[in-house]
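Remarks on the structure that follows.
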Amino acid sequence: MHDIRTFRDHPDAIRRALARRGEDVDVVDEIRTLDEERRAILTELEALKATRNTESKRIGAMRDAAERNAAIAAMREVNLRIDALDARVAEVDGTLHAKMNGVPNSPLDSVPDGASAAENVVLREVGQRRDPADDVQPHWDIGPALGLIDFERGVRMSGSRFYVLRGAGARLQRALVQWMLDFHADRGYVEIAPPYIVREACMWHAGQLPKFRDNLYHDAEEDFWLVPTAEVPLTNMHVDEILPAESLPIHYVAYTPCFRREKMSAGSDVRGIKRGHQFDKVEMFKFTTPEDSADALAAMLADGEAVLAALGLPYRVLQLCAGDLGFGSTVTYDLEVWAPGCGEWLEVSSISDFGSFQARRANIRYRPEPGAAAVPIHTLNGSGLGVPRVMIAILEHYQQPDGTIRVPDVLRDRVGADVIGG
RNA sequence: GGAGGGGUCGCAUAGUUGGUCUAGUGCGCGCGUCUCGAAAACGCGUACGGGUGUGAGCUCGUCGUGGGUUCGAAUCCCACCCCCUCCGCCA
């Protein structure tokens, strides 16, 4: 959520940001009008309440019954007006907040223009992709063939977009999760094991609601929502807190399964394990001062790349254009790994600086100096990495002519083998 | 799931027959006096958000959350959340 003062003082900046994202700019004027209306009502309303407060005190001290009754009657009249204005301001407030909740974050000036993913910019490609002439089986063939992935039984249990990992397949996933957690812990992130189910309010704080309601699973009877990413519980770690300046930056890393309904991706990526309703992910997260967030983002990008480099997988770095930026992001880099069997780049990480957007929703602030006013902090998040797509890359990139899979060096101890399927 | 107790301004507490509570006190913290310096003592100050004003300031809201009763609610009523104790069940 933006600061309302930005709409008051710099409406053109928001209009320009919305235009760069390809969104309707009329909402800016709607919000400004609502804001002015709200303040106008408040001025009258609060004057009436001030009167009521002082009069009520006076009434309490009155001894003369007639005088007292007259004053009470007068206050009843005032209260009618107060009730009407209260209702009005609540209505305006509600509309105002709903509109503001729908306004995405503003791209940084450094973010390239562009309307869609087609205009994202490839910053660099790292590592050697396999020779296209190699006869690499896609993971949806080699996985079942080696007894690593069981699609049929997954679907029988839970429907489409579910699968069972088996034997070395299950172990590879567990190895990746544990190795990634340790990898980031060694680079200064504090490991967190959060709840996988959170309250609805957490979804609002993290910016999942209201926009992505259709993508979230939740309990029909109780206030339980399944996390679509560890970003949600991590964002909520410090809700309603004022952090001392010396506690920043805070770096967290967490593993969670991620639950997504994928209503918006119906029909796409249905083959294999590219896009399940449940998948494992290790997430990096940072709370920083506004001054530090740019450097923190660069460092987080380096951390994400380091995972792929350590695994020896060829990847590329994309900078998202303004039109493809996520709802809460000011700047985003995607990491894509090359899957030679699928024959495509797979997104395994999206690394973003959310600025103060989430912090304002979640009321997370810090005090620059003792005694100074508390200001919103910055939040950054990035996958480190999404596990199934990394597994796809391993099964395909490290596939050998005899159909076995070479295990990346860094995973051999945890997998307990140098080769899978041998 | 059942029974009972409880959530107050960083921490600890007072306040629950509705009205000087504009929430008291202690601790902690900050500033000051004193001192060569410090401790102690003493004095002053110490929540967050909103509206308004150039400004000092004025003002509204917040005593777990949301409603309600009332001229007036920390205090009464309802719902919900959370914590503690005991019982039951259970990985």
Q: Return the total of residues in the range A:364-422 being in contact (Cβ under 8 Å) with a residue 60 or more places away in the chain and of a type in the set (D, E).
A: 3
Q) Quick one: is A:L96 touching a residue at least 40 places away in the same chain (Cβ under 8 Å), farther than 30 Å from A:Q208 by Cα, within 38 Å of the chain's Cα centre (by Cα) and more than 9 Å from RNA strand B (Cβ to nearest atom)? A) no
(Q) Can you name every one of the strands (runs of 3 or more DSSP E) wholly within the range A:155-273 that holds 1 or more residues which are surrounded by 21 or more Cβ atoms within 10 Å (Cβ to Cβ)? (A) A:250-259
Q) over 17 Å from the mean Cα position of the chain (by Cα) and under 20 Å from A:S158 (Cα atoms) - does that describe any residue in the range A:175-189? A) no
Q | Which numbered condition A:A90 misses (of (1) more than 8 Å from RNA strand B (Cβ to nearest atom); (2) small (G, A, S); (3) not in a loop (DSSP other than H, G, I, E, B)) | A | (1)
Q) Among (1) surrounded by 14 or more Cβ atoms within 10 Å (Cβ to Cβ); (2) over 47 Å from the mean Cα position of the chain (by Cα); (3) more than 10 Å from RNA strand B (Cβ to nearest atom), where does A:A65 come up short? A) (1)
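In this structure, does A:D141 turn out to be of a type in the set (D, E), touching a residue at least 24 places away in the same chain (Cβ under 8 Å) and in a helix (DSSP H, G or I)? Full working, then the answer.
Working: of a type in the set (D, E): yes; touching a residue at least 24 places away in the same chain (Cβ under 8 Å): yes; in a helix (DSSP H, G or I): yes.
Yes.
Report whether or not A:E152 is in a strand (DSSP E or B) and surrounded by fewer than 17 Cβ atoms within 10 Å (Cβ to Cβ). Write out each step before concluding.
On the way: in a strand (DSSP E or B): no; surrounded by fewer than 17 Cβ atoms within 10 Å (Cβ to Cβ): yes.
No: the conditions fail for A:E152.
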Q) Among the residues of the range A:1-36, which ones are in contact with a Pro (Cβ under 6 Å, 6 or more places away or on another chain) and more than 19 Å from A:F354 (Cβ to Cβ)? A) A:V28
Q: Could you tell me whether any residue of the range A:42-56 is more than 15 Å from RNA strand B (Cβ to nearest atom) and either at pLDDT 95 or above or not aromatic (F, W, Y) (or both)?
A: no
**Q.** Subset tally (residues that are part of a helix (DSSP H, G or I) and either away from RNA strand B (no atom under 11 Å from the Cβ) or hydroxyl-bearing (S, T, Y) (or both)) for the range A:340-370
**A.** 5
Q. Which of the residues belonging to the range A:278-321 are of a type in the set (S, T, N, Q) and assigned to a strand (DSSP E or B)?
A. A:Q278, A:T288, A:Q319
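Could you grab me the full set of residues in the range A:20-35 that are within 16 Å of RNA strand B (Cβ to nearest atom) and over 14 Å from A:E91 (Cα atoms)?
In the first step, residues of the range A:20-35 are kept if they are within 16 Å of RNA strand B (Cβ to nearest atom); the result is A:31-35.
Residue satisfying the conditions is A:R32 alone.
Give A:A71, A:A17 a once-over and let me know the one that is away from RNA strand B (no atom under 12 Å from the Cβ) and in contact with a helix residue (DSSP H, G or I) (Cβ under 9 Å, 6 or more places away or on another chain).
Values: A:A71 fails: away from RNA strand B (no atom under 12 Å from the Cβ).
On inspection, the qualifying residue turns out to be A:A17.
Within the range A:371-387, restricting attention to residues that are in contact with a strand residue (DSSP E or B) (Cβ under 8 Å, 6 or more places away or on another chain), part of a loop (DSSP other than H, G, I, E, B) and near RNA strand B (Cβ under 10 Å from one of its atoms), which residue is nearest to A:V253 (Cα to Cα)?
Let us first name the residues in the range A:371-387 that are in contact with a strand residue (DSSP E or B) (Cβ under 8 Å, 6 or more places away or on another chain), namely A:373-387.
Checking which are part of a loop (DSSP other than H, G, I, E, B) leaves us with A:373-374, A:377.
Right, trim to near RNA strand B (Cβ under 10 Å from one of its atoms) and you get A:373-374.
Numbers: A:A373: 29, A:A374: 26 Å.
In this case the residue turns out to be A:A374.
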Q | Which listed residue, of A:A90, A:A115, is without any contact (Cβ under 8 Å) to a residue 60 or more places away in the chain, of a type outside the set (S, T, Y) and within 30 Å of A:Q208 (Cα to Cα) | A | A:A90
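Rundown of residues vs (1) modelled with pLDDT under 95; (2) out of contact with any Ser or Thr (no Cβ under 8 Å at 6 or more places or on another chain); (3) under 24 Å from A:I405 (Cβ atoms), yes/no style:
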{"site": "A:L146", "(1), (2), (3)": "no, no, yes"}
{"site": "A:R153", "(1), (2), (3)": "no, yes, yes"}
{"site": "A:F162", "(1), (2), (3)": "no, yes, yes"}
{"site": "A:R174", "(1), (2), (3)": "no, yes, yes"}
{"site": "A:A206", "(1), (2), (3)": "yes, no, no"}
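The values are calculated or read from the model by the stated rules, or taken from the named source; none is laboratory data. The structure presented is a predicted model; accordingly, all values stated were derived computationally and were not measured. When we count neighbours, we look across all protein chains shown, and the Cβ atoms used for this are built from the backbone with ideal geometry, even at glycine.
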